[in-house]
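Q: Dumping the structure here so I can ask a few things about it.
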Amino acid sequence: MKVTAKANANIALTKYWGKKDAALKTPWNSSTSVTLEGLETTTTVEFDKQYKKDVFVLDGKEYAEDTDEYKEVKEQLDIIRGKAKSKLFAKVVSKNDFPTAAGFASSASGLAALTFAASKAAGLEFSVEELSKISRMGSGSASRSLIEGFAIWHKGSRADGDDSFAEQIAPISHWLDFRILGCVTSKKAKKVKSRAGMAQSVKTSPIFETWYTTAEKDAQQMVKLIKEKNFEALGQLAQKNCILMHACAMTTTPPIIYWTDGTMQVIHRVFELQDEGMKAYFTIDGGPQVKVICLEKDVPKLKEELSKLDLVQEIIDCKPGKGPRVVKEHLF
Ligand code: PMV
């Protein structure tokens, strides 16, 4: 069977950076996010006898078997084949409508779309909770892209990792004027992938314990602020949490510094706008792009101001988005 699914990226409002169990892919702390409409991956999966090996094409490029991208897809297909008790190989064709692997959480939307489409193509019907756990194995943040609107990925406490999945905090309708402005400062793929970077931080950052204990409290507080729609406190907490995560990355050996001149330019402009009374806050994942958290009423002014910055190449305006869904139009 051939199935095509779409899934959206998400931006962590409070982040995860570090796996506690490398095999189960469970995190040291819980994290929260908003799924983003407008940053989308579309993936078609077909399991069939005609394929003599798995084939993976992303944005028109076929990946060889020795690439990380191919291995990631194959690992995810292996999990699904295991659950379906199938030995069939698959062809996977995928496209992103935003820069791949440069801190726009393409791994989140990519792994969520792949897990969703591949399970259905293998004839399996999973609950959202189950799909979130399977997505987690491919990319931690993908576990949250299974959820519409606002999500928390519970770190869980069970030894088998079975309670580490994402759950909805609130749907899109809860906060219709919530916006994220994705400021693209570079379209180059990042040098250090999150998976490798965070593993190094766990081992070497002297502030790792401070990071994850603070981040756990931040995640629980974020749930409360989302439910209360306390925008100012939410923005401040997201910003503070982002800075601590990057401090942890920066204090890793060797250092992981995702921020570029463009990143700093946006950060400083956001600080100036805050001083002028604007309610806008920044957050940054594993890459140079800056996501500005704001409300719809401030979008025109913020776009005007941020687009004046010479290192900002593009601004992507995102609303809270849906979870994965099946679509009829296939990519092959
Ligand atoms: O989804 P992963 O395992 O590649 O890790 C992503 C980590 C961050 O995006 C930096 C933070 C987060 O919580 O999304």
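The values are calculated or read from the model by the stated rules, or taken from the named source; none is laboratory data. For clarity, every value in this text was computed on a predicted model and none was experimentally measured. Backbone-built Cβ (ideal geometry, glycine too); neighbour counts: all protein chains shown.
Q: I'd like the full set of residues that are away from the ligand (no atom under 16 Å from the Cβ) and at pLDDT below 95, limited to the stretch 284-306.
A: none
Q: Let me ask something additional. Looking at the stretch 58-69, can you tell me whether even one residue there is hydroxyl-bearing (Ser, Thr, Tyr) and over 17 Å from the mean Cα position of the chain (by Cα)?
A: yes
Q: Then there is this: Within the bounds of the stretch 90-107, is there any residue that is of a type outside the set (Val, Ile, Thr), out of contact with any Gly (no Cβ under 8 Å at 6 or more places or on another chain), within 16 Å of the ligand (Cβ to nearest atom) and in a helix (DSSP H, G or I)?
A: Looking through the stretch 90-107, at least one residue is of a type outside the set (Val, Ile, Thr), out of contact with any Gly (no Cβ under 8 Å at 6 or more places or on another chain), within 16 Å of the ligand (Cβ to nearest atom) and in a helix (DSSP H, G or I).
Q: Which of (1) more than 18 Å from the chain's Cα centre (by Cα); (2) not in a helix (DSSP H, G or I) is the odd one out, the single condition Trp259 does not satisfy?
A: That leaves (1) as the condition not met.
Q: Looking only at residues in the stretch 108-124 that are under 17 Å from Lys322 (Cβ atoms) and among the polar types (S, T, N, Q), which one is farthest from the chain's Cα centre (by Cα)?
A: Only one residue tops the list, namely Thr115.
Q: Of all residues in the stretch 146-183, how many are touching a strand residue (DSSP E or B) at 6+ places or on another chain (Cβ under 8 Å) and either aromatic (Phe, Trp, Tyr) or not in a loop (DSSP other than H, G, I, E, B) (or both)?
A: 20
Q: Hey, among the residues in the stretch 6-28 that are among the hydroxyl-bearing types (Ser, Thr, Tyr) and in a strand (DSSP E or B), which one's nearest to the ligand (Cβ to nearest atom)?
A: The extreme case among them is Thr14.
Q: Still on this structure: Are any of the residues in the stretch 125-146 surrounded by 24 or more Cβ atoms within 10 Å (Cβ to Cβ), more than 20 Å from the chain's Cα centre (by Cα), at pLDDT 95 or above and more than 17 Å from Lys25 (Cα to Cα)?
A: No, that holds for no residue.
Q: While we're here: Could you list all residues from the stretch 1-39 that are touching a residue at least 40 places away in the same chain (Cβ under 8 Å) and surrounded by fewer than 19 Cβ atoms within 10 Å (Cβ to Cβ)?
A: Met1, Lys2, Lys19, Lys20, Asp21, Ala22, Leu24, Glu37, Gly38
Q: Please state which of the following conditions Leu58 fails to meet, knowing it meets all the rest: (1) surrounded by fewer than 19 Cβ atoms within 10 Å (Cβ to Cβ); (2) under 27 Å from Glu37 (Cα atoms).
A: Checking Leu58 against (1) surrounded by fewer than 19 Cβ atoms within 10 Å (Cβ to Cβ); (2) under 27 Å from Glu37 (Cα atoms), the one that fails is (1).
Q: Another question, if that's okay. For the stretch 124-145, check the following and say yes or no: at least one residue is within 29 Å of Pro288 (Cβ to Cβ) and of a type in the set (D, E, K, R).
A: yes
Q: Considering only residues that are in a helix (DSSP H, G or I) and without any contact (Cβ under 8 Å) to a residue 40 or more places away in the chain, look in the stretch 222-238 and name the one that is nearest to His154 (Cα to Cα).
A: Lys224
Q: Now a separate question. So Val45 clears everything in (1) at pLDDT 95 or above; (2) over 25 Å from Arg81 (Cα atoms); (3) of a type outside the set (Phe, Trp, Tyr) except one condition, right? Which one?
A: Single failed check for Val45: (2).
Q: Filter the stretch 184-216 down to residues that are outside any helix (DSSP H, G or I) and at pLDDT 95 or above and give me whichever is farthest from the ligand (Cβ to nearest atom).
A: Pro206
Q: Scan the stretch 282-299 and give yes if some residue there is surrounded by 23 or more Cβ atoms within 10 Å (Cβ to Cβ) and more than 18 Å from the chain's Cα centre (by Cα), otherwise no.
A: yes
Q: Residue check: is Ser119 away from the ligand (no atom under 16 Å from the Cβ), touching a residue at least 12 places away in the same chain (Cβ under 8 Å), farther than 21 Å from Asp285 by Cα and of a type in the set (S, T, N, Q)?
A: yes
Q: Say we look at the stretch 30-61 and pick out the residues that are of a type in the set (Gly, Ala, Ser) and touching a helix residue (DSSP H, G or I) at 6+ places or on another chain (Cβ under 8 Å); which of these is farthest from Gln239 (Cα to Cα)?
A: Ser30
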